[in-house]
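Reviewing the structure listed below.
The values are calculated or read from the model by the stated rules, or taken from the named source; none is laboratory data. These figures come from a predicted structure and were not determined experimentally. We place every Cβ from the backbone using ideal geometry, glycine too, and count neighbours over all the protein chains shown.
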């Protein structure tokens, strides 16, 4: 158990509204630190993203990578700007590079409907939505990143699924489902694939059921990705933990964010065996940066994910308690009528952050 020493957190504000929502989240974490015996942080900020690229010609400096390597966890805003691109026309993506560098194979994308937040799904306010999409984050179709072949007549990208990464991914998913079951979850993991068409996904599903045999107290099932998309908008409350390939996870996690209020309510984590990065699912939103209207809730909930991960990794009850307190504060603040600009309301970044802070 980690006792009196502090958690070293690498902070990468990034670009656009990333800087604003990270600042609001750090204020909240400092308030928690002051009010929680045994919980201490050491924040160290580092640059990455489009703004740094314009200044230096690199979007992820080696000094930032080294800081992330030695830190206990990484809190990331959002990186990249649509009009800042590499020579090949692609956007800058230091957040994706960090996944590859540190082998962060498990992309954790929770979707929980907070009290007082409207879902477009009829009946969701009564039935509730509380699921997690686990997106494999280092291979799949994204393994072809920067390696695709384009000729005058055709373009080709290659999907890669390996046994080793899939085994770790499925074990992670079942362990998460076990933890969620201990908190009232369903204890169910659903493999989302397209095994009826692609050999790679048949391979993926075969490994899934092989690993499921090591978790006899969990329910394991599968669904095709197209059927999953339909089910998510008809009965999202039936799902618990869904695990899928990188590209499918990229799409489905945005869909689930839409079920619970939008990207400003969607936290995420990219987790490996030793390192983890925590960030909101949303992007840099350059159209609203500097206006003070960005919703910081996704980043604040990402910080709760970070504390929960640190608590499990270091057997640290104070961090676990702080994570739960953040989620409870978010619930209380929105239940009282908090209405961010993202929802068409008038509560900007400072107002949302203050309401959640007050609810602590």
Criterion (crowded, with 21+ Cβ neighbours inside 10 Å and in contact (Cβ under 8 Å) with a residue 40 or more places away in the chain) met by exactly one of 49, 38: 49
Among (1) without any contact (Cβ under 8 Å) to a residue 24 or more places away in the chain; (2) in contact with a helix residue (DSSP H, G or I) (Cβ under 9 Å, 6 or more places away or on another chain); (3) in a helix (DSSP H, G or I) - the single one residue 158 does not satisfy: (3)
Evaluation of residue 124 against (1) surrounded by fewer than 20 Cβ atoms within 10 Å (Cβ to Cβ); (2) within 30 Å of residue 186 (Cα to Cα); (3) outside the structural domain of residue 251 (by TED's automatic domain parsing) (one fails), failing number: (3)
Residues being under 16 Å from the mean Cα position of the chain (by Cα) and within 28 Å of residue 233 (Cβ to Cβ) - total across region 106-153: 16
Selected residue (only one of 114, 74 is surrounded by fewer than 24 Cβ atoms within 10 Å (Cβ to Cβ) and on the phi < 0 side of the Ramachandran plot): 114
Residue match in region 190-207 (condition: touching a strand residue (DSSP E or B) at 6+ places or on another chain (Cβ under 8 Å) and under 27 Å from residue 295 (Cβ atoms)): no
Search result, residues across region 328-350 that are buried (at least 18 other Cβ atoms within 10 Å of the Cβ) and closer than 22 Å to residue 17 by Cα: 330, 333, 334, 338, 340, 341, 342, 347, 348, 349
Matching entry among 183, 164, 179 (being out of contact with any strand residue (DSSP E or B) (no Cβ under 8 Å at 6 or more places or on another chain) and either in the same structural domain as residue 297 (by TED's automatic domain parsing) or under 21 Å from residue 206 (Cβ atoms) (or both)): 164
Among (1) out of contact with any helix residue (DSSP H, G or I) (no Cβ under 7 Å at 6 or more places or on another chain); (2) surrounded by 15 or more Cβ atoms within 10 Å (Cβ to Cβ); (3) outside the structural domain of residue 177 (by TED's automatic domain parsing), the one test that residue 66 misses: (2)
Test: residue in region 80-88 that is assigned to a strand (DSSP E or B), in the same structural domain as residue 15 (by TED's automatic domain parsing) and either out of contact with any helix residue (DSSP H, G or I) (no Cβ under 6 Å at 6 or more places or on another chain) or touching a residue at least 60 places away in the same chain (Cβ under 8 Å) (or both): yes
Number of positions in region 180-202 that are in contact (Cβ under 8 Å) with a residue 40 or more places away in the chain and not in a loop (DSSP other than H, G, I, E, B): 9
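Which one of 225, 230 is touching a strand residue (DSSP E or B) at 6+ places or on another chain (Cβ under 7 Å) and either over 16 Å from residue 132 (Cβ atoms) or surrounded by fewer than 22 Cβ atoms within 10 Å (Cβ to Cβ) (or both)?
Answer to the selection: 225.
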Selection within region 332-360 - touching a helix residue (DSSP H, G or I) at 6+ places or on another chain (Cβ under 6 Å) and assigned to a strand (DSSP E or B): 340
